[in-house]
Every structure is written in structure tokens, then in C-alpha cells.
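**Q** Below is a structure I'd like to ask you about.
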Amino acid sequence: MIPIDSEFSILYILYIALFLFLVSGLIYSKKKKTFNSNLIFFSIYTGILIYIFSDKDNFIEGKSLIVIFLGGSFLVLHLIIYFLAWVYKKTLSKN
């Protein structure tokens, strides 16, 4: 079951945008190892989310809000960890 509400559409757009960012970084960047590991983690939690989306019972009685929160929290945590790793690498290279 794939819901097509506006909230879920925003979640889908964010996942597609992050996927395109990771794939373009893997293709065009010199830091392929970083983008490859990020793409692996992205694939893992996307697979978990697809498993959650496949159960119709996760979208009845207000449970869809939990699914949106879970999907959004995966993205936010990934971006926070990516940003912190980027800042850490930049501060190490300056010293």
C-alpha cells in the first residue's frame, strides 16, 4: 500500500532527492567511498521503510503519522550524521 497524501508526497520527494544526491556524488565525486557507504545506509533504512509500507495495518487508526515520523526521522538522522562527519573532517584537515 502506497499512500499518496500530501505529507507522504513530501516524504517521497525528500527520499528521491537524497537518493539522487548520493548517486550523483557516487558518480561525479572523488570521495566515492563516502558516498558508497552513505548509499548503503540509505538502502538499509529505505528497505526497512518499504517493509513498513507493505503492511496495510500501519495506516489505519492514525498509525500513518508514526510511519511519516519514522520515515522523516531516518532522513533527519542521516543528514545530521553526514553533516557532523563533514564538519569533523573539515576541522581535522585544518589542523
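Computed from the coordinates by the stated procedures, all read-outs in this text should not be read as laboratory data. Treat the numbers as computed from the prediction; the structure is a model and nothing was measured.
**Q** Just to be sure I follow: if Rg is taken over the C-alpha atoms of region 28-73 and Rh is the Kirkwood radius over the same atoms, what is Rg/Rh?
**A** With Rh from the inverse mean 1/r over Cα pairs, Rg/Rh is 1.19.
**Q** Right, next: If one puts a single equal scatterer on every Cα of the chain and applies the Debye formula without solvent, what log₁₀ I(q)/I(0) results at q = 0.10, 0.13, 0.14, 0.18 Å⁻¹?
**A** Scattering profile of the chain, log10 relative to I(0): -0.33, -0.52, -0.59, -0.86.
**Q** Quick one: 3J(HN,Hα) in Hz for region 5-12, Karplus 6.51/-1.76/1.60 with θ = phi - 60°, rounded, Gly and Pro as x.
**A** Along region 5-12, the couplings run 5, 5, 5, 5, 4, 5, 4, 5 Hz.
**Q** Quick check for the chain: number of Lys pairs with alpha-carbon distance under 28 Å, counting only pairs 8 or more apart or on different chains?
**A** 12
**Q** Any idea what log10 I(q)/I(0) is at q = 0.17, 0.34 Å⁻¹ for region 1-42, Debye with uniform C-alpha scatterers and no solvent?
**A** -0.52, -1.08
**Q** Apply the Karplus parameterisation 6.51 cos²θ - 1.76 cosθ + 1.60, with θ equal to phi minus 60°, to every residue of region 41-47 and state each ³J(HN,Hα) to the nearest whole Hz, in sequence, with x for glycine and proline.
**A** Whole-Hz 3J(HN,Hα) from phi for region 41-47: 5, 4, 5, 5, 6, 5, x.
**Q** Tell me what the chain gives for mean residue ellipticity at 222 nm when only DSSP H runs of n ≥ 4 count, each as -39,500 (n - 2.57), the sum divided by the residue total, rounded to 500 deg cm²/dmol.
**A** Computed mean residue ellipticity for the chain: -29000 deg cm²/dmol.
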